[in-house]
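Visitor: Got a structure for you, written out below as structure tokens; questions coming shortly.
The values are calculated or read from the model by the stated rules, or taken from the named source; none is laboratory data. Small disclaimer: the values here were computed from a predicted structure and weren't measured. Virtual Cβ from ideal backbone geometry, glycine too; neighbours counted across all protein chains shown. Surface accessibility is based on the protein's heavy atoms, side chains included, excluding ligands, DNA and RNA. Shrake-Rupley method; radii C 1.70, N 1.55, O 1.52, S 1.80 Å.
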Amino acid sequence: MYQFFVEEEQVHSDSISITGGDVNHIKNVLRMKNGEKIRVSSKSGQAYFCHISSILDDEVIAAIDSADETGTELDNHIVLYQGLPKGDKMELIIQKAVELGVYEIIPVATKRAVVKLDAKKAEAKQKRWQSIAESAAKQSRRNIIPHIHEVVKFGQAVDYAKNLDITLIPYELAEDMEKTKQIFETIQPGQSIGIFIGPEGGFDESEIALAQENGISPITLGKRILRTETAGMAVLSVLMFQLEGRE
């Protein structure tokens, strides 16, 4: 069943109006017909099971069959603070993080990050990344499209994380796997969680010190050094496993 997203004003009492680029996708790419089942989510996160009732030149009308009361979202607001990686790795990171249930992704410019983006490039990248997040949200049947923020400095990211219930920073020099396991086991549904992931060169010691000063807990992910595109996925996978079972 294909997934689509609409604005609140496009949702009516018994139908949903789908407009924009999704109309061409439904008509000419998917070649869908009247009567076919789809799932539609409003930007607030409410999802509906629908069937296509009318396909027009610039609009597709979906009749609402029922509201999806179960949904697909974790009961935790998870924010991924991702150190800027090289090349197109950020695209893969965003795609997989969205599939694993993240709510927000904040790209972070750290001391050891090789990538340096000027304002114009950063804006273009953000638009591209947001588009990837939307595609991943459709594929994984998310109720919401996770927001990809503009690039921030490490200090700004730490400030943003102060309002979260739990914030973790995997660090290659951290030890005590048992302590890390205990931290994960204490996380409860409903808590907000921040995950800081360093770039290829890892975090600078001064960044780890700043993080600890602000209540961010260093954790270990084991004896092996994980790539930046692997570390976040490892943490999110553990969180998904832990929290889905507790809902």
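Visitor: Of the peptides 122-129, 194-201, how do they stack up when ordered by the mean number of other Cβ atoms within 10 Å, highest first?
Guide: 194-201, 122-129
Visitor: Taking the alpha-carbon distance from residue 33 and a cut-off under 18 Å, which aspartates and glutamates remain once sequence neighbours fewer than 8 residues away in the same chain are dropped?
Guide: Residue 33 reaches 22, 57, 58, 59, 65.
Visitor: Oh, and also: Using the structure shown, list the pairs from 43/120; 86/125; 43/96; 96/120; 89/223 with a Cα-Cα distance above 18 Å, or answer none.
Guide: With Cα atoms farther than 18 Å apart: 43/120; 43/96; 96/120; 89/223.
Visitor: Under 16 Å between alpha carbons, and skipping anything fewer than 8 positions from residue 116 in its own chain: which aspartates and glutamates qualify?
Guide: 88, 150, 200
Visitor: Can you compute the modelled spin-label distance between residue 234 and residue 172, with each label point 7 Å from Cα toward Cβ, in nm?
Guide: The two pseudo-label positions are separated by 1.2 nm.
Visitor: What spacing in nm lies between the two simple spin-label points modelled at residue 141 and residue 124, each 7 Å away from Cα in the Cβ direction?
Guide: Between residue 141 and residue 124, the label points sit 3.8 nm apart.
Visitor: Please work out the Cα center distance from the stretch 191-213 to the stretch 11-62, rounded to the nearest Å.
Guide: Cα centroid to Cα centroid, the span is 42 Å.
Visitor: Next question, about the same structure. Given springs between every Cα pair under 10 Å in a Gaussian network model of the chain, which of 232, 71, 35 has the largest fluctuation?
Guide: 35
Visitor: Could I ask something else about it? For the stretch 73-135, what relative contact order do you get, as a whole percent, if you take Cα pairs closer than 8 Å and at least 6 residues apart?
Guide: 43 percent
Visitor: Okay, moving on. Tell me which of 78, 196, 38 sits at the most positive position along the dipole axis of the chain, charges placed on C-beta atoms (Lys, Arg +1; Asp, Glu -1).
Guide: 196
Visitor: Counting residues in the stretch 113-247 as N, plug N into 2.2 N^0.38 Å and put the Cα Rg over that result.
Guide: 1.11
Visitor: Can you give the FRET efficiency to the nearest 0.05 for residue 111 and residue 131, using r as the Cβ-Cβ distance and R₀ = 41 Å?
Guide: So the FRET efficiency works out to roughly 0.90.
Visitor: Rounded to the nearest whole Å², what accessible area per residue is found for the chain with the 1.4 Å probe?
Guide: That works out to 51 Å² for each residue.
Visitor: Under a point spin-label approximation (7 Å from Cα along Cα-to-Cβ), what is the residue 33-residue 67 distance to one decimal in nm?
Guide: Modelled inter-label distance: 3.3 nm.
Visitor: When the accessible area of the stretch 120-203 is split by element with a 1.4 Å probe, what percent falls to carbon and sulfur?
Guide: The computed percentage sits at 46.
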